[in-house]
1. Suppose a student asked you for the relative contact order of the range 87-203, using Cα pairs under 8 Å spaced at least 6 residues apart; what percent would you report?
2. Taking H placed 1.01 Å from N in the peptide plane, check which residues at least 5 places from ILE58 or on another chain put their amide H under 5 Å from its amide H.
3. Which whole-number percent is the relative contact order of the chain (Cα, under 8 Å, 6+ apart)?
4. Can you list which of the DSSP-assigned H helices in the chain have a Cα extent of 15 Å or more along the long axis and an average Kyte-Doolittle score of at least -1.0?
5. For LYS17, which lysines qualify as cross-link partners when the Cα separation must be under 27 Å and same-chain residues fewer than eight apart are set aside?
6. For the chain, how big is Rg over Rh, using alpha carbon atoms and the Kirkwood form of Rh?
7. Place the peptides 2-9, 181-188, 56-63 in order of packing, highest mean first, counting for every residue the other Cβ atoms within 10 Å and averaging per peptide.
8. Could you pull out every residue, at least 5 positions away or on a different chain, whose amide H is within less than 5 Å of the one on THR156? Hs are placed 1.01 Å off N in the peptide plane, and Pro or chain starts have none.
Amino acid sequence: MYKIYGDILSGNCYKIKLIMNFLQIKHEWFHVDILANETHTDEFRKMNPNTRIPVLEIGEEEHLWESNAILNYLAEGSDHLPSDRHEKSKVLQWQFFEQYSHEPYIATARYINKYLGLPKDREAEYHSKQEGGHKALSVMDSHLERSKFFLGDNPTIADISLYAYTHIAEEGGFNLLKYPKILRWLSDFESIPGYIEMDRTNT
Ligand SMILES: N[C@@H](CCC(=O)N[C@@H](CS)C(=O)NCC(=O)O)C(=O)O
């Protein structure tokens, strides 16, 4: 059985929870408290020298980290990851977009606001994230005008990667009412069989 080390309130970890539920993969969830520096112990560093969650244990002393790499590993051979070269590259395109142009703005703004309680010394950083976050949301909204999910009519792990922090973007100060296509997509995503909300656990 797979072991996952993560925090269900982290969007990057929630991605793994979603694919596990969509594909009905049995797993054990081990909670890691990042605010208590639990990713910085010697034991944790053996699993991920980059000291971050999520981590997936795939064998004895064999671990995989980086949420989108874990999604690709788990979704291989399923309907959530196309096998066609072009389609597969489009999945990666949206996942790289998520990591470079979306998550550093939307997830970081949320982290500063929700996890840290918007401390005075990080207020400027929080506000500096707004422009980039809105740019990413605009790119998504325009694309979703032409497409039900990110790759067409069926959901893939590209949707999982982008759903994780978009559906809670308001916690980072982003008003989603300005993005009607994103709101429609969020609702379609939440209708996928096996969908699980972020704050529930079913280990
Ligand atoms: N690119 C990584 C980012 C992982 C990441 O930043 N995880 C955060 C929680 S969302 C973390 O572990 N932070 C702990 C730390 O930085 O000490 C991924 O997608 O897995």
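1. Values: 110 pairs, mean separation 36.9, N = 117.
The normalised contact order for the range 87-203 reaches 32 percent.
2. HIS63, LEU64
3. Relative contact order for the chain comes out at 25 percent.
4. Going by DSSP H runs, the hits are 11-22, 130-144, 180-190.
5. LYS3, LYS26, LYS46, LYS88, LYS90, LYS114, LYS129, LYS148, LYS181
6. We get a ratio of 0.95 for the chain.
7. So the peptides 2-9, 181-188, 56-63, ranked by packing, come out 2-9, 181-188, 56-63.
8. Here the answer is PHE150, LEU151, since their amide H atoms fall under 5 Å of that of THR156.
Each value in this text was obtained by applying a stated rule to the coordinates, not by laboratory testing. The structure presented is a predicted model; accordingly, all values stated were derived computationally and were not measured. Counting neighbours? That spans all protein chains shown, and the Cβs are built from the backbone with ideal geometry, glycine included.
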